[in-house]
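First comes the structure, then the notes that go with it.
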Amino acid sequence: MNDSSWGAPPRPEYWGTPEGPSQGAFPAGPAYDAYDAPPVSRTQPMPVVPDLGTGAEDRERDLGAALPGGPDFRDEPPQEPMASPPPVPPVPAQPEKKKAGRDLRSAIGVGVGLGVVVLASLFIVKAVFVGVVAVAVVVGLWELTSRLQERKQIKAPLVPLAVGGAAMVVAGYVGGAEGAWVAMALTSLAVLVWRMTEPPENYLRDVTAGVFAAFYVPFLATFVAMLLTADDGPWRVLTFLLLTVVSDTGAYAIGWRFGKHKLAPRISPGKTREGLFGAVSFAMVAGALCMQFLIDDGTWWQGLLLGLAVAASATLGDLGESMIKRDLGIKDMGTLLPGHGGIMDRLDSLLPTAPVVWLLLAVFVGTG
């Protein structure tokens, strides 16, 4: 088979021949139709590039910098964007541990010191204990009247209150209930007269606050001195102190651990119903033990009732002082006792509890 059998004569060369057609064209005619197009040459001569010189190289570099494929547009495969680090999951907030509202070390130290002073005076010389009560009353009156003047501009006269308050405690120890009432009346009269030495503006307000202070602090404290007059007086006072402290401790311990339901949120947001249950439970158990083993002719069931009454009066007394402090806009009545506040912050539960204990013991076992 010869070459003519393929239907195409020998093809002339067209690159670089002046007589050939233009580059890339093929001769027209039937021998070169669309089906018999010659194969494209695999090799082609490179066009001659003239020497551009240094200036041309600079222009070419500048031109290439502005065109794709130049230095700023490199013919490199696009890089994958750097993956952002996975988000750090938020650390769940740890539940805040409940903390005591005061410095427990200072509170315990001061409490132990006061307990030693009270017990030493109570069981060694009764008159010394009466003096301790009188000093506490005077300091409490000073704290109360100072806060009233600072926060409300109420000028309850301190001098007649302090003198009358100390005399009231002594009168209750010496003369019993009658002596306490007489001293209370004379102290109120002294407040009325003392205030007359100043201008009449706000006279009624000041003397009303003075009479209230005389009743709230020294008069209620006289029942502690009256407890001491019985034959087993030191044990009665000790029972009164123990039940009040145990009630407060039970309320604090149970309320701090399990408290959820507020008892009186407008007055004292920290007190809970669970805390009240703890106060009642602890006080009733302590009351049964104290009446059975400390009080002459006392029985355990009387102690249960006594403990219940102490828990109620101590809680009401605490709420009452919280009401006063909230009205005055203060947290503590003073700063005399580290970890406790002032003297009045420790007397808030004791003062209203003293007449309750005195009355119930008088009913159960008498006043002798």
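Checked against the criterion of being assigned to a helix (DSSP H, G or I), within 30 Å of Gly175 (Cβ to Cβ) and over 36 Å from the mean Cα position of the chain (by Cα), the candidates Val224, Val207, Val217 yield just one match: Val207.
Note on the range 144-158: residues that are outside any helix (DSSP H, G or I) and of a type outside the set (D, E, K, R) total 4.
Counting only residues that are under 28 Å from Lys325 (Cβ atoms) and among the polar types (S, T, N, Q), which one in the range 263-314 is modelled with the lowest pLDDT? The qualifying residue modelled with the lowest pLDDT is Ser268.
Conditions tested, residue by residue: (1) under 28 Å from Thr299 (Cα atoms); (2) hydrophobic (A, V, I, L, M, F, W, C); (3) assigned by TED's automatic domain parsing to the domain that holds Gly317.
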| position | (1), (2), (3) |
| --- | --- |
| Thr249 | yes, no, yes |
| Tyr252 | yes, no, yes |
| Gly255 | no, no, yes |
| Gly259 | no, no, yes |
| Leu263 | no, yes, yes |
| Gly275 | yes, no, yes |
| Ala279 | yes, yes, yes |
| Phe282 | yes, yes, yes |
| Leu289 | yes, yes, yes |
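Out of Gly255, Gly320, one residue alone is in a helix (DSSP H, G or I) and over 30 Å from Ala362 (Cβ atoms). It is Gly255. Step by step: first the residues of the range 329-356, then only those that are among the small types (Gly, Ala, Ser) and farther than 19 Å from Leu148 by Cβ, then the one that is surrounded by the fewest Cβ atoms within 10 Å (Cβ to Cβ). Which residue is that? The qualifying residue surrounded by the fewest Cβ atoms within 10 Å (Cβ to Cβ) is Gly339.
The values are calculated or read from the model by the stated rules, or taken from the named source; none is laboratory data. As the structure is a prediction and not an experimental result, all values here were calculated from the model. Please note: Cβ atoms are built from the backbone with ideal geometry, for glycine as well, and neighbour counts cover all protein chains shown.
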